[in-house]
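All remarks here apply to the structure that follows.
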Amino acid sequence: MAAGATGLAVLASPAQATTPDKESTPAQASNPVQASKPDQASNPAQASKPDRAPKTDTIDERALTTTLTGPELKKIRDKQSRPAWKIALKFALKKQGIPYLWGGTGNGGYDCSGLMLRAYQKAGIQLPRVTTDQYAAFDKKVSWNNLKPGDLAFFSNLGHVGMISRPGYMVHAPRTGDVIKEEKLSSWRRSAFVGAVRPDRKGVRQWAERQKEPAPPMPVASVL
């Protein structure tokens, strides 16, 4: 019975009987700090916080704004407002000293019409390749006394072309063995002058359209 009494005493031990389980500990279950702590998902400050755009997008937009309102925009506007002949003439004058190259259209060398082609191409006007077509591309011709900078002057039965650079002068690619240069219009040039044109986009476009038209049928001889 003593052993049984001892066992009963152990079961009725106040220390163990009154010790609550961890799950039902009042300190945890009724802790007002933890119970009222909102989840991160329900935090109003985080829930209403808008998504931020990627940092790279913000940088790109700022860079674009700076470009459009800065010196680059002014440069673009100045270029667009400059007459085509000024752009073409500046190009041709910069090529002085480059050797004449028959059939050349690049920095390795230019022939006379190749220089005119690239100069006006720089200004956004696409001329035909050879002198005869460059002259034919524009219906309106310019006389010797009305030559202005940027005009294309043709000589020697349309065998040569130069660009008027200033009154009494032209820049051109003269001949094999020579270089691109600005040269005075001599009396000999005056005697060999055929005509001149003043390039514009409209004239070249009309010329190109005429080239696409089918040739008229040739008359056929018949034997009676």
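The values are calculated or read from the model by the stated rules, or taken from the named source; none is laboratory data. Computed from a prediction, not measured in an experiment: that's the story for all the values here. All Cβ positions, even for glycine, are placed from backbone atoms using ideal geometry, and neighbour counts span all protein chains on display.
Scanning the range 186-205 for residues that are in contact with a strand residue (DSSP E or B) (Cβ under 7 Å, 6 or more places away or on another chain) and either without any contact (Cβ under 8 Å) to a residue 12 or more places away in the chain or within 20 Å of ALA119 (Cα to Cα) (or both) turns up GLY195, ALA196, VAL197, ARG198, PRO199.
Please count how many residues of the range 195-214 are surrounded by 12 or more Cβ atoms within 10 Å (Cβ to Cβ) and either touching a His at 6+ places or on another chain (Cβ under 6 Å) or in a helix (DSSP H, G or I) (or both). Talk me through it step by step, then tell me what you get.
First, pick out the residues of the range 195-214 that are surrounded by 12 or more Cβ atoms within 10 Å (Cβ to Cβ): 195-201, 203-208.
Checking which are either touching a His at 6+ places or on another chain (Cβ under 6 Å) or in a helix (DSSP H, G or I) (or both) leaves us with 201, 203-208.
Qualifying residue count, the range 195-214: 7.
Residue-by-condition table, conditions (1) farther than 18 Å from LYS184 by Cα; (2) within 23 Å of the chain's Cα centre (by Cα); (3) surrounded by 15 or more Cβ atoms within 10 Å (Cβ to Cβ):
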| residue | (1), (2), (3) |
| --- | --- |
| CYS112 | no, no, yes |
| THR131 | yes, no, yes |
| ASN145 | no, no, no |
| PRO149 | no, no, yes |
| PHE155 | no, no, yes |
| LEU158 | yes, no, yes |
| VAL161 | no, no, yes |
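Taken together, ALA136, ALA119 contain a single residue that is of a type outside the set (S, T, N, Q), on the phi < 0 side of the Ramachandran plot and under 24 Å from the mean Cα position of the chain (by Cα), which is ALA119.
One residue stands out among those in the range 169-194 that are among the hydroxyl-bearing types (Ser, Thr, Tyr) and more than 18 Å from LEU93 (Cβ to Cβ): the one that is surrounded by the fewest Cβ atoms within 10 Å (Cβ to Cβ), which is SER187. Taking the criterion of being in contact with a Leu (Cβ under 9 Å, 6 or more places away or on another chain) and polar (S, T, N, Q), the residues of the range 97-153 that qualify are THR105, SER113, GLN121, GLN126, THR131, THR132, GLN134. For ILE76, the conditions (1) closer than 30 Å to ALA196 by Cβ; (2) at pLDDT below 95 are fulfilled apart from (1). Assessment of the range 186-195 against the conditions (under 18 Å from TRP85 (Cα atoms) and modelled with pLDDT of 95 or more) yields at least one matching residue.
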